[in-house]
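Take a look at the structure below.
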Amino acid sequence: MRPHPRIIGYLTRALEHELNAVQQYQTRAALTELWGLPDLAAHYRQEAIEELAHAERLTRQLLLLGVAPTALALTAVRPGRDPQEMAALSAEMERAAVHLYDDACQFCQRIRDQEHWTLFQGLLNEELAHFQQYQAAATGNAP
Ligand SMILES: [Fe+2]
Ligand SMILES: [Fe+2]
C-alpha cells in the first residue's frame, strides 16, 4: 500500500537529521581525539555509528517504498569549544530529533499507519535516551 505523502516527507526529513547527526558526532569524535580525550572520542565515535544505523533503517524503508533516499540538506557543523558545550549542542540536536519523531508518531496515529508508527516510535525512544544523556552531561549531572 502506498503511504501517505507526508510519511515520505517524515522519512526524508529523518534521513537528513540522521546523516547530519553522523557528521556532527564524527566531527566531535575527531576533535576530542585532538584534545587528548580518547574516552570521549570513543563515545562520540560510537554515537556516530548509532546514528548511521538509524540512517540505514530509514534508507531501507524509503527503498522499500520505491523512493530514492536522498538527503539534500546537511547543516553546518557546530562542534563546540569544550566538552560541556559539545554536550549542550548534542542535547539541542537530540531534542530536535525527539520533536521530529514525536510529530511523525502523532501523524501516524492520526492516519492509522501502524508500520511507520512502529519505525518512528523505535527511533523516538532511542533519541529520547540520547537527549537525556546529553542534557545530564551539559548540566554537570552525568553519571
Ligand atoms: Fe538518530
Ligand atoms: Fe541521536
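Relative to its Kirkwood radius, the Cα radius of gyration of region 77-143 gives an Rg/Rh of 1.12.
Ranked by the mean number of other Cβ atoms within 10 Å per residue, highest first, peptides 121-127, 23-29, 76-82 order as 23-29, 121-127, 76-82. Assuming R0 = 22 Å, what is the FRET efficiency of Leu72 and His99, from their Cβ-Cβ distance, to the nearest 0.05? The value I calculate is 0.65. Size of region 1-65 from its Cα atoms: along the principal axes, largest to smallest, the extents are 51, 14, 11 Å. Our summary gives the chain a relative contact order of 26 percent, counting only alpha carbon pairs under 8 angstrom and 6 or more residues apart. With a Förster radius of 22 Å applied to the C-beta separation of Glu50 and Arg6, the computed FRET efficiency comes to 0.25. Could you tell me how many degrees, from 0 to 90 and to the nearest 10, lie between the Cα long axis of helix 38-64 and the main elongation axis, the longest principal axis, of the Cα atoms of the chain? So the inclination is approximately 10 degrees. Using θ = phi - 60° in the Karplus curve 6.51 cos²θ - 1.76 cosθ + 1.60, the 3J(HN,Hα) couplings for region 30-36 round to 5, 5, 5, 4, 5, 6, x Hz; x is entered for Gly and Pro. The listed peptides 95-102, 34-41, ordered by packing as a protection proxy, come out as 95-102, 34-41 (highest mean of other Cβ atoms within 10 Å first).
In this structure the chain gives 55 Å² per residue of accessible area when probed at 1.4 Å with all protein chains present.
For the chain, a Kirkwood radius taken over Cα pairs fed into Stokes-Einstein (20 °C, viscosity 1.002 mPa s) yields D = 137 µm²/s.
Within region 52-111, the percentage of alpha carbon pairs spaced more than 20 angstrom apart rounds to 47%.
The values are calculated or read from the model by the stated rules, or taken from the named source; none is laboratory data. Keep in mind it's a predicted model, so treat the numbers as computed, not measured. Using ideal geometry, Cβ is built from the backbone for each residue, glycine included, and neighbour counts are taken over all protein chains shown. Protein only, heavy atoms only, side chains kept; ligands, DNA and RNA dropped before computing areas. Shrake-Rupley method; radii C 1.70, N 1.55, O 1.52, S 1.80 Å.
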